[in-house]
Structures are given as structure tokens and as C-alpha cells.
1. Working only within segment 242-255, note down all residues that are touching a helix residue (DSSP H, G or I) at 6+ places or on another chain (Cβ under 6 Å) and free of Cβ contacts under 8 Å to residues at least 40 places away in the same chain.
2. Among the numbered criteria (1) in a loop (DSSP other than H, G, I, E, B); (2) exposed (fewer than 12 other Cβ atoms within 10 Å of the Cβ); (3) modelled with pLDDT under 75, which single criterion is violated by Asn61?
3. How many residues does segment 192-240 hold that are assigned to a helix (DSSP H, G or I), over 23 Å from Ala176 (Cα atoms) and either among the small types (Gly, Ala, Ser) or modelled with pLDDT under 85 (or both)?
4. Counting just the residues of segment 345-364 that are farther than 15 Å from Thr493 by Cβ and among the aliphatic types (A, V, I, L, M), which one comes out modelled with the highest pLDDT?
5. Restricting to segment 213-227, name every residue that is farther than 14 Å from Ile253 by Cβ and either crowded, with 23+ Cβ neighbours inside 10 Å or under 21 Å from the mean Cα position of the chain (by Cα) (or both).
6. Considering each of Phe353, Phe307, Phe314 in turn, give the residue that is surrounded by 15 or more Cβ atoms within 10 Å (Cβ to Cβ) and farther than 21 Å from Val475 by Cβ.
7. Can you find even one residue in segment 333-356 that is polar (S, T, N, Q), closer than 22 Å to Lys232 by Cβ and out of contact with any Ser or Thr (no Cβ under 7 Å at 6 or more places or on another chain)?
8. I'm trying to understand the selection: among the residues of segment 264-277, which are assigned to a helix (DSSP H, G or I) and more than 11 Å from Asp250 (Cβ to Cβ)?
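The values are calculated or read from the model by the stated rules, or taken from the named source; none is laboratory data. In this text, all values refer to a predicted model and were calculated from it rather than measured experimentally. All Cβ positions, even for glycine, are placed from backbone atoms using ideal geometry, and neighbour counts span all protein chains on display.
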Amino acid sequence: MKKLKELVNIVTEEKFIPESSIDFESEENQQFLPYQMYQGIKNDEFSTDIQAAENVYGEANISEKYRRLKWQLKETLYTKLLLISPTKETHSEMFTAMVECNRKLFLVKLLLRLNAKKSAEQLGRHVLEKAVYHSMPTVALEAAQILRELYHILGERRQFEEAAAAATEQRELLVAEDEAMSFWQQIAINYVKSTSVSKTEQRKIKALFKKLTDLYSKYDTLNVAVSFFRAKSVILQMEGEKEEVIKNCDEAIEYLRGRPHLAFPSLYVVFYGDKFDAYREMHDYVNAKFNAQIAARYCREGNLMWFQFQHHRFVMCMHSGDYQEAGNCLQVVRKNSKFNQQPDHLKERWKLFEGYYALAAFRNEFTPEKVISLRVERLLNETPIMQTDKAGWNTSLMILQLITYVRRGEIDKIMERLDSLSNYCHRYLYKNETYRTQVFIRMLMVVAKEDLNYRRVERLGRQWVSKLKRYKHLVDPTEIVPYEELWSWILETLKHEKEMVAEYKLAAADRKVG
């Protein structure tokens, strides 16, 4: 009762933030301006300060009263965020433990400041025990240090020595985890912009991985293990050892399954995603689809990982010729309420996917669902804006534009776009990483130079088709439709050029009338 009385006295004496009582969903608070601004942001009614100010105050300028309103809303949201109550039904056990431990650690420090030592001691021991169980050395170390200081003040030697030993142990684990994560990041960063590294860098990577392996054999913590498995996957991927990547991911997944109290769902997505990539690059679409479906179970719909999974799912469907499933994927993404909140370059990427899907629809004579917005006409006039994807998605956009011009028989626009694409390739594409793309661009140049003549294009293109097949293992993630398939579409278009162009013009006229 003494500890409870201690807490009651503190709660009685302290004042609380008034905004914490605001319930955004209650009808009685709907007249408050913070509620109106909250609802506007939630419903995507505005995305800039000017739009918000005009919506709330009827003034399209950033006034002092608007700044105060924005501050009030932000502070209210912070307060409500502190009251978040994760459950096992909505979050993983690890996430729930992380929130609880960090929140209670803050309460321990607050109780000590308010001189409630007994309550702080009891709660601190609980935090330490839970943090150790869930492999959170950062939280566990701080809790142990607080308890060590508290027992020092109280003169309780046995408890002091226990807390000191716990602090020493957690400090060692924390250092090991930090080193492991650093080694993994140093290994992975070598491959961010290039799939090939110098021999000197290769030696450094081997030395780093040796250190990481030693840490993994000595320390059984989540971050050390995950760093080891992820680094190993990256190295194996770059060496082209797809089957070994799959084995490594299976070991990682088995590790996580054996420790359900430690694993975040996102970690399963990482390793099932790596398996998906390996199977896809091996052209084993059955197993790729199976692992993609498992990965989807661990994704919360609408978050960044969910959109990345849908991206991979779409490309896989296009590669396997499952265009119906690709269309379903486009529908799911475009209808998701959080799609418009994604970064601009990701939304642009989905517009590009729609363009390739439209090309497949035209080629395979099926009509896409009405809900899918096919922006091929708009894409033809767009300049690539994906500045962070210079070595990939811009090329995919220009290739789509070129193929559409071939379908129309517009030789002048083909030549114009080829010049831009050629300059782009010399600047951004490198043989080792994008060899297939460079080969396909040369094939497109043959189409233009031979004035869309089917027989000459088909004959001169054979040598390049052989090279594509020879380097089939180098398929790049930005190759939305296999280049071999795109080439067959081009040849079919050239073979029936007059009929295809006439059909295109008739369809364009129908769209204009509609």
C-alpha cells in the first residue's frame, strides 16, 4: 500500500496537459479547430500549410494563429502517441514489449525525480527483467545503471552487486550488437550503387564478415544474428549464389521461429523477400510466388514494405506472363487509401507499371479493368523525374515510350527518343550491372536505322537476341517485362505494321470521341 499511496500522491499533486483529454473521434469535439485540421490531414483534403490554413481559417496565408493551431495539434498528437496501447492482436510481441519497456523506463526516471524510490525500484526491476528477455540491451543497460545507483544510495550491497553485474553484461552485449550492425552496414554499402567491387574492397568485405561471424558464434542476440544473416545474403547475392541465398534465408527464418518473443514481422519480410528475389532470378516463378505470398502475411497493408511487396509481385507477374494477376495487383495498389501518401518517385513508378500493363493489354488483346487508370498518353510526354533511380527506372520509361512509338510507326519520334536514351546510357549505365539493358537499346537502334522494316530488323536482331539469352541471369529489377518478350512484341508489330498502326489510330479516335 505504501508504494500505491506514493503514486496516488504524485498523480494528485501534478498537473496534466489539457490537450490529452481531446478525443479526435468524439462528436462533442468536432467544433474544435485542431479536430478540423486533424480530419483534413487524415482524409487527404490538403497536403500543404497553405491548403490547411485556407480550409480551416479561409485564409490562404500562414498566420500566427495558424502556427499556434499547428503547434497545438502537434502537441496533442504527441500526448496521444504516449498513450498508445499495442496488443498482441494488432502488433507483435516484440513491438508490444518495446513500447512497454521504454514507457516504463521513463516512468522509473520520473519517479526517482519525484523521490518515489520504492516505486521506482520495483518498476525498474520489472523493466530490466523484461528488457533482458526481449534482447533489448540499450533499455536493459539503462535500467541496470539506474538500479545500481539506487541501491548504492540505499546501501543495499547484494542488490547493488546484482545490478552492477547486469549492467556489465548488457554493456558487453550492446557493444557486440553495435559492432555487428556496423560490420553488416559496411558490407552492404559497397553494393548500394554497384554490384561489382574491386579486389581490395573484396578483401575488406571478407575481413569484416569474418569478424561478424566470430560475433555471431559468441553472442546470441537478435541484432547480431540478423546482421550476420543479412550480410551473408548480400555477399551470396553479389556472388550469384542464388541457391545458397535461399539456404541462408531458411536458416535465418528458422532462427526467428525459434525465438518468437524477439522477432519483428518485418524481419520475416526481409528474408522471405530475399528468397523471392533469388527464385525470381532463377526464373522459378512457382516458388517465387509462394514466398511472396508468405511475405505478404507479415506486411501491414499500406505501409512501405507492403507497397514494396506489391511492386515485386507486379514485376514477377509480368515476367511470368500472368497479366490478370498483374492487373489485380495494380487495382489493389491504386485503391489503397495510403497510395497518395507515398513519395512522388514511388507513385511515378506505379504509373510506369500501368504503362507496361497497357502495352501487354494491347499485345494480348484483353481489356483492363476500368478502375485501372492507364496513362500511356501522358507517359509519352513526360520527362523522367526519378532522380534517385538514374541507372534504372528512367531507362524503363524511355524504353516504354520507344516501343509505343514503334507501335504507332512514328519514326521521327523514335529517332529523337533514341538520341536521348543513348546519351543517358553513356552517362549512367555500366556494362556489368546493366548489360542486358544496353543490348536491348542497341536492338531498338536497329529498329530505327532499318526504318521499321520487319525482315531486316528480324535478321539483324538475331545476334542481340542470342546475347540476351546468354545473359539471362543478369535480369535487372527494373526490367519490367523481359526484353526477349518486348522484342517479340516489336517484331509482331513490324510484321503487321499497317494493320497495327491503323488499329491504334482507330482506338485513339474512339478515345477522343469518348
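1. Glu244, Val245, Ile246, Asn248, Cys249, Ala252, Ile253, Tyr255
2. Just one mismatch for Asn61, condition (3).
3. 5
4. Here the residue is Leu352.
5. Asn223, Val224, Ser227, listed by residue number.
6. Working: Phe353 fails: farther than 21 Å from Val475 by Cβ; Phe314 fails: farther than 21 Å from Val475 by Cβ.
Answer to the selection: Phe307.
7. Going through segment 333-356, the residues polar (S, T, N, Q) turn out to be 336-337, 340-342.
With the extra rule that they be closer than 22 Å to Lys232 by Cβ, the set shrinks to none.
Checked segment 333-356: no residue is polar (S, T, N, Q), closer than 22 Å to Lys232 by Cβ and out of contact with any Ser or Thr (no Cβ under 7 Å at 6 or more places or on another chain).
8. Taking segment 264-277 first, the residues assigned to a helix (DSSP H, G or I) are 265-277.
Pro265, Ser266, Leu267, Tyr268, Val269, Val270, Gly273, Phe276, Asp277 - these are the residues of segment 264-277 that are assigned to a helix (DSSP H, G or I) and more than 11 Å from Asp250 (Cβ to Cβ).
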